[in-house]
Structures are given as structure tokens and as C-alpha cells.
There are 4 protein chains.
Amino acid sequence: MAIEGSKQQAQGGRIRLGMVGGGHGAFIGAVHRIAARIDDQFELVAGALSSDPARANASAAEIGIAPDRSYGSYEEMAKEEAARPDGIEAVSIVTPNHVHAPAARAFLEAGIHVICDKPMTTTVKEAEELVALVEKTGKLFVLTHNYTGYPMIRQARAMVAAGELGDIRLVQAEYPQDWLTERAELAGSKQAEWRTDPKRSGAGGSIGDIGTHAYNLAAFVSGLETQELLAQLTTFVPGRLLDDDVQILLRYKGGARGMLWASQVAVGNENGLKLRVYGTKGGLEWTQADPNYLWFTRFGEPKQLLTRAGAGAWPQAARVSRIPSGHPEGYLEGFATIYAEAARAIRAARTGAEPEEGTLYPTVRDGLAGMRFIEAAVSSSSADNIWIKLA
Amino acid sequence: MAIEGSKQQAQGGRIRLGMVGGGHGAFIGAVHRIAARIDDQFELVAGALSSDPARANASAAEIGIAPDRSYGSYEEMAKEEAARPDGIEAVSIVTPNHVHAPAARAFLEAGIHVICDKPMTTTVKEAEELVALVEKTGKLFVLTHNYTGYPMIRQARAMVAAGELGDIRLVQAEYPQDWLTERAELAGSKQAEWRTDPKRSGAGGSIGDIGTHAYNLAAFVSGLETQELLAQLTTFVPGRLLDDDVQILLRYKGGARGMLWASQVAVGNENGLKLRVYGTKGGLEWTQADPNYLWFTRFGEPKQLLTRAGAGAWPQAARVSRIPSGHPEGYLEGFATIYAEAARAIRAARTGAEPEEGTLYPTVRDGLAGMRFIEAAVSSSSADNIWIKLA
Amino acid sequence: MAIEGSKQQAQGGRIRLGMVGGGHGAFIGAVHRIAARIDDQFELVAGALSSDPARANASAAEIGIAPDRSYGSYEEMAKEEAARPDGIEAVSIVTPNHVHAPAARAFLEAGIHVICDKPMTTTVKEAEELVALVEKTGKLFVLTHNYTGYPMIRQARAMVAAGELGDIRLVQAEYPQDWLTERAELAGSKQAEWRTDPKRSGAGGSIGDIGTHAYNLAAFVSGLETQELLAQLTTFVPGRLLDDDVQILLRYKGGARGMLWASQVAVGNENGLKLRVYGTKGGLEWTQADPNYLWFTRFGEPKQLLTRAGAGAWPQAARVSRIPSGHPEGYLEGFATIYAEAARAIRAARTGAEPEEGTLYPTVRDGLAGMRFIEAAVSSSSADNIWIKLA
Amino acid sequence: MAIEGSKQQAQGGRIRLGMVGGGHGAFIGAVHRIAARIDDQFELVAGALSSDPARANASAAEIGIAPDRSYGSYEEMAKEEAARPDGIEAVSIVTPNHVHAPAARAFLEAGIHVICDKPMTTTVKEAEELVALVEKTGKLFVLTHNYTGYPMIRQARAMVAAGELGDIRLVQAEYPQDWLTERAELAGSKQAEWRTDPKRSGAGGSIGDIGTHAYNLAAFVSGLETQELLAQLTTFVPGRLLDDDVQILLRYKGGARGMLWASQVAVGNENGLKLRVYGTKGGLEWTQADPNYLWFTRFGEPKQLLTRAGAGAWPQAARVSRIPSGHPEGYLEGFATIYAEAARAIRAARTGAEPEEGTLYPTVRDGLAGMRFIEAAVSSSSADNIWIKLA
């Protein structure tokens, strides 16, 4: 167990953080705030929590943001905070997808680091512009593909990189849910409303919401680059405007192949993200609902159950583990690790130092890869499921 | 618990059975013999157990077949047995694939019922001829897609048919193994040798050996007919002549969609056959390695663990169950159910009666469907993964 | 995979078997018959299937026993069969408990080997007399503690014996069921009737029916001898005459300690037999409902999932395995192994040879140990839970 | 999902918290700090983090406690903080056991609420005095039996209370670990050192460290009061001064019975806390390592898998849930719920109001019950395992 965030916190105090989105009724905003608190690296001091000013201010008051730092728009917030001597050093963008890119631009241009939810933008073009802007400004951009923060995912990545599985042949990724089995977007669910609305979500429904998570995780663990994909997107629920199920074949550089399935209509699945990777020498299996376990088999040997912080844990898992094995860490701790890694990078950036060795988080380039994945999948599906090159 | 096979056994004595293949070193022959014994419906009295006559006779002696009924070829056996007043009523064909069709022809033409392993033939053409011959002769043809004999698979089928899942949207089938991760066919494994040899297996490797099982099971449970498929077959192990991995997208009539994955190089998987079916009202999940359990979720309700012969068991499961729940039945009992169903049909055929209500087994038409599946998948894969129509 | 019973079957033909009990409505009789058939070592040729002669004859006819070998009583059967040149070589006694001892006596004295259900008798005195009679007659006595036939239980025993766990410290055994949660004995369940009737079951209810299984299994795997026990027997269901729950503390010779819990009122448990053994170097866990798995942990290493016939299987498991790993074997196969082992012993006895190396089955001494366990537990419970010495 | 702690945080700002113990090398101090942060109710502003002043100050600096509020002793801290206008309102005591009682006394007498780790004291006498002192001072005393904070444990308790299980018959509790399988206390483990030292732990080893957790959880869920117990404590590791394994029989008022097993030498178990409760109508099973699941069976119906925040979640689980089902919450969130409940009570105490309906946490009386449990178990074990009355 390596994390006691407070240690770094002492190095110059907590990082001053702002938030865009995340007011009343939002789900992911509260998750980001808990994640930011767990390792005590951040202090939330400013917010543009809602596009509705009254709601923004009420939300700010509730979570202890001072009235003069509750803003009516992200533009105003970026400008004002950049001008304050005690202004925010970083901002978390937790809005519906279509706001990610313009908000990120505003803060990057104001010299403020960005922590941003996924999918990163609504188009590849926006994503490419964001990559360029990050490079130009030199500010940090952290994309919250939070599943990469799970300790056993870190271990899986390290094991693959170390050759424990040999050459990778197969990557099977899936993310079934069932919450959109019926038309929840007509039944008052805010979450369902914007996620099924092309104006706010972009061209992808389930593929953007959860398909990108599965795709990112597969790449994160396998270390493979996608060469081409073939996709079939389906809208099962009549009247829905975006896909609620996606089936994809993947070809990776070097000859590995993969399948990816994401669905929001698979009854009985809550958040069934699962990743399986098979190579010439071994195989790995991991399930998000039981994240403290990693199944590992060396060809010809019995299957092993590796546990976070247990006997088979690698340093890469232990580094992001907080408590002993057998005491489960969960989703919020995995999410918190993204924030803890961001904090390491931001502290290093304060002085121009290198961040602690091993610091690892999804970047603007992962965001671009995600957008290319969505766009390619939509194209393939529209063209009767042909192969689309990605690299 | 409904099966005590002996009851029917008394109705005219056990059914006289012969076997083609299944001599020394064969795996599946012994399985068929145990399956035939479990419910006490059959008596194995004749065999052409090997194409090597010495081996055939030695094998016959070991398993108690009288020397005068151990034959050097199936042709001879069909002819001689047909001529005996106490000749066999049915034959089990348990050879490599390329012998299935000619052997089946010989026995059907001799007026003997056929129980045959899968895949049924090596080409669609052979399969179509066999369908015609079965219809012409009026003899029974039972294909041992043995997984359809598992009680909870029977229940899954019944639940889908009764509308418990609503309209089916998704069928996810997979069958990963790892035993061909390395080149076992060069290391002395008889099983690996013929299964990776196009002359004996036909055009499909993993797709014929295990892909057909997954495909058949998906159809058996969902009741859906495949409209078209798109397949990617891969040979991962250098030098191997047939596919050892197959990834398939399926479109069913009526709009349901499916994915099918079968692999023989997925390290850590023994016989990981798994089926998941999702509809507008509910979802089902079943795993072959733990076959006494069926997971069922009604949309918006907690997941239920249905157990064979337990509180949630339906009559269709109980009918093919032998012992109380919590005492696991396994692979051999599921296989035995195919034989028990065959016995019911054969006894009925003795007198021209209808078999017991509910009698259910895979037929020559399922065998033809399997061959069409293999052929379409090979075609799709060869043509850079285009959709191939099946209906 | 080592068993193809038929091999030995050829060595002098199948063993001629009779059965006492097991007529209509009996559960365990049909189980014994399937178990005897699976490896093709036995031929059931005679029976005294019920104490009701009409039912006995009807049952015999149904399962193919010739009318002249369907007997009205076991005494008659023992006498007549002993006199026939083709008389039975062994008998299976599958009656309620109170008949075990007198029936066993009749056949042993007639020179016929005995396969007998558990608990062996209804009193320790009867059990001791049976031990003496077996020794005097030199006939074989096989007690069907069937769970000892599971391959992974064989492996667990072998691993403990080989020192893989170091010195054993703890043995945790449990067998929860729920079928007697309400008063099934008043609702027409034959099984419940005799199992809750002291006249037919003896002094123990759940302790005799399932507690003895757990106790026997703990001893079989751990190799330990019980020094003393302390028991609390409870009858939770009002009006029931025997215990339906039992909680026991165990002290083994050498310092190991154990707990044993058996219950027939633990709602949600079907046949939840579970055994856990912990030593100075390692630990093992096994569950009857999922019998193909054995969890093994070496102290300080990751947990391993050993599978029947898989990479981590020992010869002692492979020897009693029929099919490849990943294809589950179940309760009937485990039971069949007891019959296969009995067949090896009986064939050896035909010629006075030693049975095949490794032949292993529960004996009359295990039956005596079981009766001492029941009697000690009843005594301890009656005396307000004091320690009772067993060795 | 009901918790967004920040809401209450706005009601007068965060609660000012101090900490006794929890300096470098301590495990549980960091856990308490994370738990206190998750729902943003507390601000840690003072500490006596170590009995070694240099270590105390260094630890304080690291976690952001101002130097003038880092104290060399808890006595000094209680006195000084009570005198400050911005002094702490509550203190967390996270030291080895022998310090709990004197530290708690100091703060209670200074008018400061106490959050204290378990076991509460080292003797029943101390515990009784603490109960009296809490009653006299009227200050709050929250005992961190953290497992009671798990949402599905809250649901289990609510289901039992609502009669879903009928009358409770059986309570099976266990808590196996393996970290003391060898003599870790000689190998430099601080945790092992004080936990196996009677001077710092009191008369119980494993029974105090983990047995009390299992005992408390059984009572919390079942709502039953223990009438008497019979215990066998064992020290398996030679040279160890306290028990490392405990086996207990329990008799509850009203006739229910229970077994409790806790062990620190059960190889392969990390933190295997498990609770099973069975009644006349239903049964519940829960495992700490997979805390988001609760298995529930109504007698005669299929088993249900209830999930935190899923379809079968009750308001009592939802109330303490932060994120959607399928995204696992873990140990830290359960622990945080104890702090969130404490915050509700402390805020209410500020104004003399009643805390929010449903506010629930272990109190000083639970601490006394735990000490009586330890003392009775030690007595029973010393007296050759006789029944000791508790009520």
C-alpha cells in the first residue's frame, strides 16, 4: 500500500480546483468530487456548476464554494480565475459531451490544467484541435478514463508489458448494461436524456458512453494499437436517436485480433465491463464489478487468482492501492487514482520537475484515439460494416 | 426428477446398438458409451471400432462385444447386422468428421437408425444428401449436439418460447478453449491431429469443432433463425492448416443480433461454452462448466439463480433431471439425455407410435444448418468478411 | 482420464449384483443403479426392492430383473442367491437405516459382498458386531460415503498426505440444506418421513443423514483421527422427533481443531457440503455443488484454482476422472467411482489377488467411526455439551 | 443514491476533528482519515499522532495539521483544544487498544465527542466505566465497527427487522484471515506486534481483533441478544501470547443458535468475514470481500442476488449508497458511512435537534457488548469450554 496522498499534499498545500458542470441532478460531478477528496490532494474552490445560474449558485453553496467563485459560465470562470492570485490551478469538466471541447479550450488558453470526462469531444476534428492546443499551451490534460485507475488493471498492463502473456493474440472486451432497455429518456431520467441526444452526446450513443471505455481499457492493458475495425451499431429501442448496442471486430497492428461488445439493453447487466487478453504464453481476465481480482493463467499451469495487495500483486498495483487485500477497494478509489496521478503531474508542473516515476493517466491523445474509434465505428456501421483503417 | 430410464427399458428390452469408431485412444467413443448406459436404454452389441482391424477387435473384446460382431468396416457391419434377426436397431457414429456421411448413408440404407456426432459432414452438399436420404428412408437421425441435453438449457429454451424474455434482441455465444495454444498436433495428440487436418475435419477447424456447438446452442435456446453472418477466421498458430479462432457477427430473422466467438488458443479456458440471451423483458445467462445454474433477470427485478430441480426449475428441466438440486449433474448426464431422447423415439418407431410428448433432440436438419454455418463463415472470411446470407 | 470401466469388465464379465430396497418412490436406489452402470462393471440381476411384495415385484419388472429373482425379503434373497451357481456376488443395501445391519448380516453370512448406504447402522453396538462379522467372513464391505469418490476430494487427500499443507491445524466442515425447513414429514415426503423417524433412522436426524457425510469427508481428506467432540443438536421445527441442526467442535489427535455444522433448515442451501482444511504451509477449500474445482493456497502465494483433469490435477484425481477438464463431472460420477473401486476389489477377491494399486473406498470401519460420531454427539448434546472422548 | 455529504457540510461548515494515534506506520489511522474525507463532513485540524513527539510532529506536518495543533499527548490535546474557540468538536481514537479507554475519558471529560476504534477497551470494567461516563457527559460516542456501514449489511438488518426471514433460527458468522500463520510479530510487523501483545491488546488476540467484528455484525443484522456462549480459543503458532483462532457456539435469547469462527492462521483467507442468517421463512448470505451483493432466498423460491443500489435494494441500503449499482463500493465507503452517520449526529447535537431519521452507528453500548463477549469467551475457554451467561 503506497498511497497516503497527504504526504504530497504537504508539498505546497492542496491543489486549487474548479469544476464545470456537476450541479444538482448530475451523477458524475459528485463522483469527481469524492475522487478528488479521497487522497486529499485537491481543494474545490470554484465552479460553474450549471448552465442555469440559479441552479449553479445553489449547488455551489451546498458544496461549500464561496459565492464569489460560483460563476454563471465557464468562460467567465476561466477569465476570472486566471486573474486571481489564488485562482484555480486545474479544472474538472464534467458536463455533457458537447461542452467538453469549448470548455477545455477556455481553460487551456487561460493557462489552467484540465481534467476532463470522456468521450473527450463530439467530433474527431475537435479532438485534433484539442491535441494541438494542449501541445501549444503546454498545460496538462487528464482524461478520466477512470477504469485505468483500478490496481489490477495497472497490474494487467504491467504483466503484458513484461511479457508474461507472450505475444498477444486476442483481446475480448465487453461492457453490457441494461438501464436503457426501455425508453428511460422519456421517463424523466436526466442521464438518459442527454446521453441519447445527438446534440449533446455526438454521433455515438452507447459507443461513446461505454464503448470508448472498453476500447480504451483494451488498449491500456494490451499496449496494442488498432489497425482497423468493423462495426455494427444498433438502435434496439424504437424512437431512440442513437445506438444502444455496438458489436465490433478489431484488428491490431502485429496481428492480434479483438472483439468489443457494448450494450445498454442487455437485461441483467449493471456495469458489466470485462476484459480478457490472451497471448502465446498466458491469459488474463478481469471484471469491473469485482475489481480486486485478476485471473491469470500461464499456459499449462493452474489458474491463479491474483488479488490487489495480495501475494501476487505487482508494484504497479501496490503503488495505487490504499488498503490491505481482502478489504475491497472500488470504483471511487479507482477514480481517485486518476486524480492522484493528476496531482503528481500538476505538482511537478509547478516547479518544472518530472512527476514521480510511474505516474500514469489517460491523456488528450487517448481522447483523440477514442474519438477516432467512435467515428470509425459509425462510418463502418453506416457503410454496411466494412473495415475502416485507424492506423 | 423424471428420468428412470429403466422404466422404458422394460418395454421390449434394451435397444440393440452398434458403434462405428471409438476404439483405443478415441475420446468421444467412451463418452457415447457411458451416455448410452446411464439411463439403461441401450445395449452395445456390435462395432466397427477402428479402421485398423486388429485394433478394432482388441477394442471390441475389451468392451464386451462378441468377436463375431466386431467388424472390419462399417460397410460390412451395416450389411451383416441388417441381415441378423437380432441385428442392431441403431448405430452410433463417433469417427472423425469425414467418415460421418458415408457411414450414415450405409446404415440408413440398411434400415438402421443413426446417432451421429457433429459436425454432421464435411460439406453442405453431403449434408443436403443426408437430409434427403433420411427423409427417403424414414429412419431416425439423431445428431449429438450434446449441450442441448443439459436441463437448464432445456429450461432456457422453454422460458424464451414462453415469452419470459419478451422479444429477443441479443444472443451472445462463446466457446473458448486453450488446448491448441501450441502445436499439439505435432506432439502426438490424436485428437489434435485429425481436428486440424482438413482431409478429416473438412474446411473448418475450431469453427467445426466447437463453433458449431455454440451456434447450435444459440439457435436451440433462442428459437431464432439466422439470416446472415459475417465471419473472421484466424489461424494463430504458425503452420496449422485450419482456423483456431473464429469471430462472427450474426443477424437473425426478426431483427435480433448476435456475436459468436470460438477459440482454441484462449489460455486459461478449458471448455468455456457460454450463452447469453437478452430480450425486451428479461435476460438469461448460462455457462457449461457450471451447468446446473441458470441466471435469469426480469428487467427491473433482482437477478435470480435458477437451479436444476430447484425451486425455479420448469418441467422441461425436471423432465431431464435425475437427482435433486445441489447434487450436480454434469456433461455425461447431459449427453445421456440425448441418448434417452433417442431411445424414446426409437421405441416409438418400433410400433409406429408417437414418441412421448416433449421428446426433443437435434436432427439431420440441425446438422445441415451447422454445415451451412461453417461454409458461410469460411466464405465470409475468405472474402474479407462480407455478409453471407443463410436464409 | 483413466477410467474406461469396460476394460475390467472383460476380465470375467460383469459382476452380478443384487439390491435390497430401492423400489418405487425411493431416491437413493436409482442413484445406486446409475452409479453401478456408469463404468459397466455390474449387472443388476436380483432384488428385494421393497418390503411390500407387490411393489417389490412391480419395481423389479420395471428395471428388468427377472421375476424369479425378485424376492419378497432380503433373507429369502440371501438364501436363494447363495444357492444359485449364477447367484449374485455382491448386494447393494439402500434401505432406511434400521434395515442396514440385519440385511448386511444376512448377505455376509451367505458369503456375498456388501455395498451399503450410510449411516451404517442405528447403534454403535450393531456397528461393532458388523465389523466383527466382516472380519470373520472375509467378505468385502463397501460403505457408500459417495463424496469420497469426487476426483478433487481424492486430490485433496493426496495433497494433505504429501505434506503440501504442512501440519494440519484446522478442519472446517459444513453441510447445510433447507429441505426440512418446514414439516415435510407431514406433507407426504417419503424421504422426510423415515429420515425424521427415530425407529428407522436411529438416534440421529440431520447428524446421521448429512453430519456423518461431513465428518467422514473431513477425516478422509485430513487423515486425522478425532480425539473428542462437543456437540449441540437442535430440533428447530416444532413436533419433529430428531435433530434438524447440529453444531460440533472437534479436537483431533495431534492438536488440530475443527468445527462441523450440518443443518436441514438453512434456507437457501440445497446440498451445501463444504470442506476447508488449513495447515502450517497451505490451505484447501472444496464445495460439493461445484466439485470439479479445488482451491489451493500455499502460504504467501496466490490462490490457485485446481481443476479435475486440468493442469494442476494429481494422478489420484486423474485416476478417477472420466472426461477432460471443463466438462463437469458430477454427483453420479463421484458415486460411480465408489462402485468402480468396489468392482476392483471384488474382481481381485475372485482370484485372491490384490486389487489395483490405489483402490480406495470407505469400509465397515468408517461405518463404525460414523456411528461413534453420532452416538458421541447425541451424548454430548444430552449432557449440556460436554467433551466426549472418541479415541 | 442518497449521499452527497457536502449538503450537510454547508450547514455550518465542516466538523472540526482531531486524531489520537495514526502516525507513520499505522494502518488504521490513514483509513479513518480517508473515511472522514469521503463525504466531506470533517476537517482534520489537530492531532496527537504518536506517543513519540518527533514522530507525532513529522506525521502532523505531512498531513497538513498546523504545528501548534500537533500535540505530544492526548491529555494535552484534550485540554488545549477544549480551551480554543475553534477547538475540535470530535476526536478519532485510532491507537492500540490499551489507549482507547484513557484517551476517550480525557476527551469526553473535556466535552468533546469521541469516535473510537474497536475493541473499545481492554477490560469489561473499563468499558462499563466508559458507558457511565458517556451517559454522564452526554457526549456522543461512535465505535467504528465499520462493517455495519456496508449498504447491503444495512439492507440485511432491515430485511430481518421487517420479518422477511421469519423467526431467526441460525446465525453463522466467520472471519478467517491468514496473515498470522507464521510469527509475523517477530518479523518486524508493527501491526502484528501490538495485536499479539496482551499489554496493548488486552486478553484477546484474534477474538478482539476480528472476532468482535463478526460478533457485532451478527448482532447488528440479526437483532438478537446473546444469552450465553461456549468458546474454544487456540494459539496455534508456538510462542505467541494470545489466541490466533477462536471457535464459539452461541445461544441467543428466543432460541436461535449460532456459530462463530475467527482465525488468523487459515491459509488462503485475506479478510473472509462472512455472515449467514437463516429464519423460518428465508435466508441471507453476505461476504465482506464482495460487499455489494446480498444473497436472499425465500423458502421455496429461487435464490436472489440483491445488489447495492440495484433493483432489489431497500431504502436503508440506498440511503448509504453513493454510486450506481455495478460500480462497486468498498471498504473505505463502508467506513465512511460510519463517519457520515457520526456527522449527522454531531450536527444535530450542535443544536440539540434529533439527527436525521435512520441515523445509525455503533455506540458505547456495542463496545461494552464486545468486551463482555471477549471476556466471556476467554473465561469459557479457560474453564474447558463451559457455557458462560451474557444476559
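The values are calculated or read from the model by the stated rules, or taken from the named source; none is laboratory data. No experiment lies behind these values; they were computed from the predicted model shown. Glycine gets a Cβ as well: all are built from the backbone with ideal geometry, and neighbour counts include every protein chain shown. Heads up: the accessible areas ignore ligands, DNA and RNA and are worked out on the full protein's heavy atoms, side chains in. Shrake-Rupley method; radii C 1.70, N 1.55, O 1.52, S 1.80 Å.
By the equivalent-ellipsoid construction on the alpha carbon gyration tensor, region B:1-115 comes out with semi-axes of 22, 16, 14 Å, ordered largest to smallest. Shown for A:G138: label points 7 Å from Cα along the beta-carbon vector, and their distances to the equivalent points in the other copies, 6.2, 9.2, 9.9 nm in ascending order.
The residue among B:T196, B:A219, B:W286 whose Cα reaches farthest toward the positive pole of the charge dipole of region B:157-299, with charges on the beta-carbon of Lys, Arg, Asp and Glu, is B:A219.
Of the accessible area of region B:149-297, with the probe set at 1.4 angstrom, what percent is carbon plus sulfur? Result for region B:149-297: 49 percent of the exposed heavy-atom area is carbon or sulfur. Note that the protein assembly as shown presents 32 Å² accessible area per residue, ligands and nucleic acids not counted, probe 1.4 Å. Summing Cβ point charges (Lys, Arg +1; Asp, Glu -1) relative to the Cα centre of region B:179-256 gives a dipole of roughly 120 debye. Closest approach of any chain B Cβ to the axis that rotates B onto C belongs to B:G330, 2, distance given in whole Å. Restricting the trypsin sites (Lys or Arg not before Pro) of region D:278-383 to loop positions (DSSP other than H, G, I, E, B) with no more than 15 neighbouring Cβ atoms within 10 Å leaves nothing.
Shown for B:A187: label points 7 Å from Cα along the beta-carbon vector, and their distances to the equivalent points in the other copies, 3.5, 5.2, 5.3 nm in ascending order.
For D:K281, the lysines whose Cα falls under 18 Å of its own Cα, not counting residues fewer than eight places away in the same chain, are D:K303.
Entry for the protein assembly as shown at q = 0.04 Å⁻¹: log10 I(q)/I(0) = -0.28, Debye formula applied to identical alpha-carbon scatterers, no solvent contribution. Would you be so kind as to identify which of B:Q316, B:H327, B:I346 lies farthest towards the positive end of the dipole of region B:303-346, taking Lys and Arg as +1 and Asp and Glu as -1 on Cβ and the Cα centre as origin? Farthest along the dipole direction, towards plus: B:Q316. The residues packed around A:P291, meaning those with a beta-carbon under 10 Å from its beta-carbon, carry a net charge of -2 if Lys and Arg are +1 and Asp and Glu are -1.
What quantity of accessible surface, computed with a 1.4 Å probe and excluding non-protein components, is buried in total between chains A and D, in Å² to the nearest 100?
Interface between A and D: roughly 3300 Å².
Secondary structure note: in chain C, about 60% of the DSSP beta bridges are antiparallel.
In whole angstrom, region A:102-165 maps to an equivalent ellipsoid with semi-axes of 29, 12, 12, each derived as √(5λ) from the alpha carbon gyration tensor and ordered largest first.
Using a Förster radius of 25 Å, what is the FRET efficiency between C:D290 and C:A162 based on their Cβ-Cβ separation? Nearest 0.05, please. Result of the calculation: an efficiency of 0.60. Of the trypsin sites (Lys or Arg not before Pro) found in region B:189-278, those that fall in a DSSP loop while having at most 14 other beta-carbon atoms within 10 Å are B:K253. Charge tally around A:G367: other residues with Cβ under 15 Å, Lys/Arg +1 each, Asp/Glu -1 each, net -2. Close amide H partners of B:R257, meaning residues 5 or more places away or on another chain with modelled amide H under 5 Å apart, are B:L170, B:V171, B:Y252.
So what is the calculated 222 nm ellipticity per residue for chain C, using -39500 (n - 2.57) for each DSSP H run with n of 4 or more, over all residues, to the nearest 500 deg cm²/dmol?
-10500 deg cm²/dmol
The residues of region B:22-56 listed by number as losing at least 40 Å² of accessible area in the complex, against the isolated chain and with a 1.4 Å probe, are B:F27, B:I34, B:R37, B:I38. Spread over its residues, the convex hull of the C-alpha atoms of chain A is 137 Å³ per residue.
Rounded to the nearest whole Hz, the Karplus-based 3J(HN,Hα) values (6.51 cos²θ - 1.76 cosθ + 1.60, θ = phi - 60°) of region B:39-45 follow the sequence 9, 6, 9, 10, 10, 7, 10, with x at glycine and proline. Each copy carries B:S51; placing its label point 7 Å along the C-beta direction from Cα gives inter-copy distances of 6.1, 7.2, 8.3 nm, listed from smallest up.
Pop the C-beta distance of B:A58 and B:E129 into the FRET formula with R0 = 41 Å and round what comes out to the nearest 0.05.
0.75
For region A:301-391, the C-alpha radius of gyration sits at 1.55 times the compact-globule guess of 2.2 N^0.38 Å, with N the residue count.
I need the calculated FRET efficiency for the pair D:D68 and A:A348, taking r as the beta carbon distance and R₀ as 30 Å, to the nearest 0.05. Working from the Cβ atoms, E equals 0.45.
Scanning residues 5 or more positions from A:S321 or on other chains, those with amide H under 5 Å from its amide H are A:A2, A:I3, with H placed 1.01 Å from N in the peptide plane. Amide H to amide H distances under 5 Å link A:N292 with no residue, where only residues 5 or more positions off or on other chains count and H is placed in the peptide plane. Based on C-alpha pairs under 8 angstrom that are at least 6 apart in sequence, chain A has a relative contact order of 20 percent. What's the center-to-center distance, using Cα atoms, between region A:368-385 and region D:131-165 in Å? What the calculation gives is 52 Å, centre to centre.
Summing +1 for each Lys or Arg and -1 for each Asp or Glu among the other residues whose beta-carbon sits under 15 angstrom from that of B:A106 gives -3. In straight-distance terms, cross-link reach from A:K389 covers every one of the lysines whose alpha-carbon lies under 27 Å from its own, apart from those fewer than eight places away in the same chain; here that gives A:K118, A:K125, A:K199, A:K253, A:K274, B:K389.
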